[in-house]
Structure formats: C-alpha cells, structure tokens
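> Quick one: this structure, given as structure tokens, is what I'll be asking you about.
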Amino acid sequence: MNTSTTRSRIIALARTDLQVAARDGEQLLLTLGLPILLLVFFSKVDIVPTGDGEPVDFLAPGIISLALLSVAYVRLAIGLGFDRGFGAIKRLAITPLRVNEFLVAKLATTVVLFGVQLVLLAAIAVAIGWRPQVSISVPVVIMLGLVAFTGLAFVTASIVDGLTSLALANALYIILLLLSGLVFDIEKMPGWLQAIVKLLPSTALAELLRSGFSDTTGAVWAWLCLSFWAIGAPILASRLFRWE
Amino acid sequence: MPAIEVENLTVRYDRPTSGKAALDKVSFAVEPGQIVALLGPNGAGKTTALEAIEGYRSPSGGSVQVFGLDPATHRSELAHRWGVMPQAGGIPMGLTVGEAVRLFSELHGYGGNTNELLSAAGLSDLKKRRWRRLSGGEQQRLSLTLALCGGSDLLLLDEPTAAVDAEGRQRVLGIVRERASSGGGVLITTHRFDDVEQIADRVIILNHGAVAAAGTLDELTSGGQEIRFTAPAGLTVAELGAKLGCEVSEPKPGNYLVQTVPEPQAVAAITAWLADQGHTIGHLQAGTQSLEEVFLQITGAQS
C-alpha cells in the first residue's frame, strides 16, 4: 500500500526543485547579474537621486528587494507557466499532492534560493561600503515579501498561459523596478503617482527593508500594504489555481 | 466492488454553439484484475472519458465512481490507489529520468523498488537524461513508469503505445499485463487493434461519444455471417456462388468473401470446389471477423 504524507510530499517537491536549481546554478547567478550591476554602478556613479546618505545605503535594500522580486515572482511565474504548458502540472495533479502543499513547497524552494542570493548581494554591498544596522524586523519583512510574491506568481500563472506568463512577469519586473523605489527614490515622483505606487507590494518591501537595515521600524502604510499582499496573494492563489 | 463504474456518463463541453455532447450516456465498468480497452477513432471521446474518471471533468449527467468514490471530490484519496498516464503529459522542467521517478515515487509514497520499474521499462541507462532529450517512445515509457509509481489498484493509461516502437510496445503491454495479473484494474485507450487483441479482456468501442459496441474480444469478433478465404486472384466467383447458392465476391485480389452461414458444409463445398480447380487455399476464416473489421463496420456505418 502506498503512503505519503503532507510533509513527505512537500519535502520531495522542494528537494527536487532545489536539486535542479543547483544543477542549473549558472542560471541563478545570471538572474543576479542585473541586480549586482545596478548596485555597483549606481553606488559608484552618483547619478540617480538616492536621498541624502551614501548611495549604497539607499541602493542595497532596494536591490535586495529586486532580487526577491526576481526569484519569488519572475522565476516562479515563468517556471509554473512552462510546467503548465508541458502538462507537468496536470501530472502532479494525479498524485496525492494538494494545492496548498504545492504552494508551500514552491515557497520553501524560494526561501532557500533567496537566502543564497541575499548572502551574495549583502557581501557585495558591504564590500563597496554598505554598513547596515540590522533590525529584528528584517527577517519578518523578507518572509512577508516572499509569501506575497510567491502567491502573486501562482496568480499570474493561473490567469495566463505559458508564454504570456513569461511576457507578463518580465514586463511587471521592469515596471516594478522603475516604480517601486528599488533604485529610484519615489519621493521624486509627483504626489499622485506616489499615492499609487505606495499600494504596490514591492514599494512597501523596499521601504521596510530600507528602514530595517537602518534599525528603524518603518512606515505604517508600508506594513499595512505588505501584510495585505502577504495575506491576500496566497488566498487568491489557492482560489484561482487550476491543475490543468 | 468494481474499480471503475461509469453509468450514463454524459459530458458536454462549454461551447454552447456546438451543442454536441462529447460523451453521451456512456456506461461500462472495470473490475479488479481486468484490462479494459477503450477503442475508437480520434474525437470519439476516449480521453474525455478518462478525464472524467480522473476527476478533471465533471459529468453533465450520469455518474462516475472509482472504488465507490466520486473522483471529482476525492482525488487526493484516490491518488493513493491509482496510477495515471495522461496523454502527452510532460514532467516539471529540467528533471532527469531518475529525478522524475524519485519525485513521483515519493509523492505517491511508492513502496516498491523504482530501479525495477526503470529496468522493466528499459530506461535504466537513461537515468541521467533530461525529459526533453528523450525520444518520443522513451518519453512514453517514462510516463508509464511514473504512472506505475502510483497506486497498484488501478492503472489509467491514455494511448500508452502511441509513438512507441515495436520493442517498446511489447515492454509496455507486458508491464500492463503484469499489473493486471497482480490484481489491479486497467483501463487503456488506444486506436491500435493489435494492442487490444493482445491484452484486453474487454473492449469498449466508442464512436461519436457513445458506446458503439462492448464485450470480450470473442463476443465482438464472433457471429459474422460470412466465410473469408484467400486463394489465387481472379477466380470465377460467380461459379462458386452458384454452387453455394449465395453471394461470393473478391473485395481485394486474392481475398474472397462468401456471404453464408459459416457451417461445415459450406466450408467443405468451398474447399472441394478449390480442389476441383487445382487451386491452393491460404487463410480460411469462418464465423469470426477481425476486430478491425468489426470496428470499421461499426464506425463506418455510423459516420
């Protein structure tokens, strides 16, 4: 008689995902290429408005947010889109795996992959002069961000198919990169645009990480915004998810 | 309890303009240890029937029960008891053969030895190869292997021999037969008559979404009111017809069709006539038709 448990299924799927990610390690480094380039370039070439302090103090938390967005949202949405297109999701559906287990397994993979990227990015930032004062809020903010964007990746892959998912995820990546205060300060934007971008999870994530890395608790609007997405996105994801 | 019980299953697709039922009042059952084949031309509803049994499609009418449960609402429980091979289903991106088998055996909690499954499917040497680099036949055999990682009570296979070469096909059929002989029910869809003739205990011929014929292979192929034989081409069929008092024709050169009740006297008369003329006789078939003939009669008459 076959038996598997929720725990064994989540571990099996997350372990397999990580195994493949480790084998294709160069791909993971490539996705880090752009964030590292932006971090080093704009820290050394002071052309973007980064507020009063050292550019790297503004940029490092923004770039870490960008990496989170890239691994939890873009990478996952594209992967899910392709897996669905290949009929791989449908094949998973005929195993005892349940929707929520699938979500948790993908989140677990994402947590590990982001952890690796965080260490690398932080090391580079410190090497070029970043001196963060880390608040205890940082791990909380990062978890909320990972949950929100993992959920959004599932939502994206559920409402559009394969290639569209790829295009949409990449487009959103660029838009959020420009608008969410990741590398550009939103204070320089017109008031109406600021009001809009403050509703985005990436804006709240960057804001809270910036506060967290300078040992402050962060703005209330940002906590509300990120918590809203971290609760809403997974709920929406498990509602919308289709195995086919 | 039957492994599968389908009663008056009706499935309509969501396109109201076509108004066509993809399946119309289809009924059949699969018992433990039995191999049942769904045979039919493309578009007959074979895959739709399987998907309803897998719980992907909710019936518009009738019912589907798998081990007494509704698959649409009990898929997770049933997933421990069945193994499913979907048509043209891929595997998660980037996985190798070995990784895929390990993943699916762990998801199912497969109790057996996966190396044995791989070697039975002839995939032992391809463990490190990625899905995308496998040939069509190898992908099919991997797909079957992943299905075998599932529960052993029921196997649902959608076109398991499609794109598989002759040797691979024998492996596939052998594996299926072995599963059934250890007590699992098997439902396969196919459009290959030789698959059905080799392994099926029961055949259900689907055409235009309805059951056109069902029974054991013997039931379906017996009862033909005709005798067929092969002999040199161009014999004077009218003379033989006059002698037998029935219609005789030559549908293909050297293939003769005698439309009479297949009694020993008729067979004796045919062989005597051939002997008189000094002709040899090749194949002689009395009272049975090949599955292909039955199938073509049924699907031809209805289209």
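> If you wrap a convex hull around the alpha carbons of chain A, what volume per residue comes out, as a whole number of Å³?
About 125 Å³ per residue, rounded to a whole number.
> If you take every residue apart from A:V138 with its C-beta less than 11 Å away from the C-beta of A:V138, what net charge results, scoring Lys and Arg +1 and Asp and Glu -1?
Within the 11 Å Cβ shell, the charges total 0.
> What aspartates and glutamates could a cross-link reach from B:K127, if we take a straight Cα to Cα line under 15 Å and drop same-chain neighbours fewer than 8 places away?
Straight-distance partners of B:K127: B:E99, B:E116, B:E138.
> Taking amide H positions as placed 1.01 Å from N in the peptide plane, with prolines and chain starts having none, which residues 5 or more places from B:L206, or on another chain, fall under 5 Å of its amide H?
Close amide H contacts, sequence-distant or interchain: B:L39, B:G40, B:A212.
> Once amide H atoms are built 1.01 Å from N in the peptide plane, which residues 5 or more positions from B:G287, or in another chain, come under 5 Å H to H?
For B:G287, whose amide H was placed from the backbone, the distant partners under 5 Å are B:E226, B:R228.
> Moving on. Please identify, among B:R132, B:R57, B:R141, the residue showing maximal mean-square fluctuation in a Gaussian network model of chain B using a 10 angstrom Cα cutoff.
So, out of B:R132, B:R57, B:R141, the one fluctuating most is B:R132.
> Normalized C-alpha radius of gyration of the stretch B:1-122, against 2.2 N^0.38 Å?
1.22
> From the phi of every residue in the stretch A:106-119, what ³J(HN,Hα) in whole Hz does the Karplus formula 6.51 cos²θ - 1.76 cosθ + 1.60 yield, where θ is phi - 60° and glycine or proline is x?
Karplus-based 3J(HN,Hα) across the stretch A:106-119 equals 5, 5, 4, 4, 4, 4, 5, 4, 5, x, 4, 5, 4, 4 Hz.
> Can you compute the helix-only [θ] at 222 nm over chain B? Use -39500 (n - 2.57) per DSSP H run of at least 4 residues, normalise by all residues, nearest 500 deg cm²/dmol.
-10000 deg cm²/dmol
> Under the definition of partner shielding as Cβ atoms of other protein chains within 10 Å of a residue Cβ, what is the mean value for peptide B:90-101?
That average works out to 6.
> Hey, could you get me the Stokes-Einstein D for the stretch B:102-227, Kirkwood radius over alpha-carbon pairs, 10 °C and 1.306 mPa s, rounded to whole µm² s⁻¹?
D, rounded to a whole number, is 99 µm²/s.
> Across the residues of A:95-106, average count of Cβ atoms on other protein chains within 10 Å?
For peptide A:95-106, the averaged partner shielding equals 3.
> Then there's this: Just give the residues from the stretch B:47-88 buried by at least 50 square angstrom of accessible area in the all-chains context relative to the isolated chain, probe 1.4 Å, and say none if nothing qualifies.
B:Y56, B:R75, B:S76, B:H80, B:P86
> Further question on the same structure: Return the single residue from A:L80, A:L18, A:L208 with maximal mean-square fluctuation; model: Gaussian network over chain A, springs between Cα atoms under 10 Å.
Residue with maximal mean-square fluctuation among A:L80, A:L18, A:L208: A:L18.
> Hey, what did the stretch A:1-74 get for relative contact order, percent, Cα under 8 Å, at least 6 apart?
25
> Mind checking which of B:H80, B:G68, B:W131 is farthest towards the positive end of chain B's charge dipole, using Cβ charges of +1 (Lys, Arg) and -1 (Asp, Glu) about the Cα centre?
The residue sitting farthest along the positive end of the dipole is B:W131.
> Let me ask something else about it. Report the calculated FRET efficiency for A:I231 and B:E116 (r = Cβ-Cβ distance, R0 = 30 Å), to the nearest 0.05.
Using R0 = 30 Å, I get an efficiency of 0.05.
> Could you give me the ³J(HN,Hα) list for the stretch B:188-203, computed from phi with Karplus coefficients 6.51, -1.76, 1.60 and θ = phi - 60°, whole Hz, x at Gly and Pro?
10, 9, 7, 10, 9, 5, 5, 4, 4, 5, 6, 10, 7, 7, 9, 10
> Return the value, in Å² to the nearest 100, of accessible area buried between chains B and A (probe 1.4 Å, both sides summed).
The contact between A and B buries close to 3000 Å².
> Under the rule of -39500 (n - 2.57) per DSSP H run of 4 or more residues, summed and divided by the residues of chain A, what mean residue ellipticity at 222 nm is obtained, to the nearest 500 deg cm²/dmol?
Using -39500 (n - 2.57) per qualifying helix, the result is -24500 deg cm²/dmol.
> Also: I'd like the per residue volume of the convex hull spanned by the Cα atoms of chain B, given in cubic angstrom.
167
> Here is a follow-up. Given the C-alpha atoms of the protein assembly as shown, compute the convex hull and give its volume per residue in Å³.
Dividing the Cα hull volume of the protein assembly as shown by its residue count gives 188 Å³.
> Can you give the FRET efficiency for A:A195 and A:V99, using 1/(1 + (r/R0)^6), R0 = 35 Å, r = Cβ-Cβ distance, to the nearest 0.05?
Taking R0 as 35 Å, the efficiency between A:A195 and A:V99 is 0.50.
> Let me ask another. Which order do peptides A:185-194, A:113-122, A:64-73 fall in by mean Cβ count within 10 Å, highest first?
Result, highest mean first: A:64-73, A:113-122, A:185-194.
> Step through the table entries A:K44/A:K188; A:K44/A:K106; B:K25/B:K46; A:K44/A:K198; A:K90/B:K128, compare each Cα-Cα distance with 25 Å, and write down the pairs that go over it.
A:K44/A:K106; A:K44/A:K198
> Where is the GNM fluctuation largest for chain A (alpha-carbon springs, 10 angstrom cutoff): A:I196, A:I11, A:I78?
A:I196
> Sticking with this structure for a sec: For the stretch B:76-119 and the stretch A:196-213, what is the separation of their Cα centres, given in Å?
About 42 Å separates the Cα centre of the stretch B:76-119 from the one of the stretch A:196-213.
> Would you mind working out the accessible area per residue for chain B, using a 1.4 Å probe, and quoting it in Å²?
Heavy-atom accessible area per residue stands at 44 Å².
> Please list B:42-54, B:210-222 highest first by mean number of surrounding beta-carbon atoms within 10 Å per residue.
By packing density, highest mean first, the sequence is B:42-54, B:210-222.
> Which whole-Hz couplings ³J(HN,Hα) result when phi for each residue of the stretch B:122-138 is put into the Karplus expression 6.51 cos²θ - 1.76 cosθ + 1.60, θ = phi - 60°, listed in order with x for Gly and Pro?
Those phi angles translate into x, 10, 4, 7, 10, 3, 8, 8, 7, 3, 5, 9, 8, 6, x, x, 5 Hz.
> Kirkwood Rh over alpha-carbon pairs of the stretch B:52-106, then Stokes-Einstein at 25 °C and 0.890 mPa s: what D in µm² s⁻¹, rounded to an integer?
188
> Okay, moving on. So, counting K/R as plus one and D/E as minus one, what does the shell of residues with Cβ under 10 Å around B:E106 add up to?
The answer is +3.
> Still on this structure: Taking all protein chains as present, what is the carbon and sulfur share of the accessible area of chain B, in % to the nearest whole number, probe 1.4 Å?
47
The values are calculated or read from the model by the stated rules, or taken from the named source; none is laboratory data. This one's a predicted model, so the numbers in the text were calculated from it and none came from an experiment. When we count neighbours, we look across all protein chains shown, and the Cβ atoms used for this are built from the backbone with ideal geometry, even at glycine. Calculation scope for accessible area: heavy atoms of the full protein, side chains included, ligands and nucleic acids excluded. Shrake-Rupley method; radii C 1.70, N 1.55, O 1.52, S 1.80 Å.
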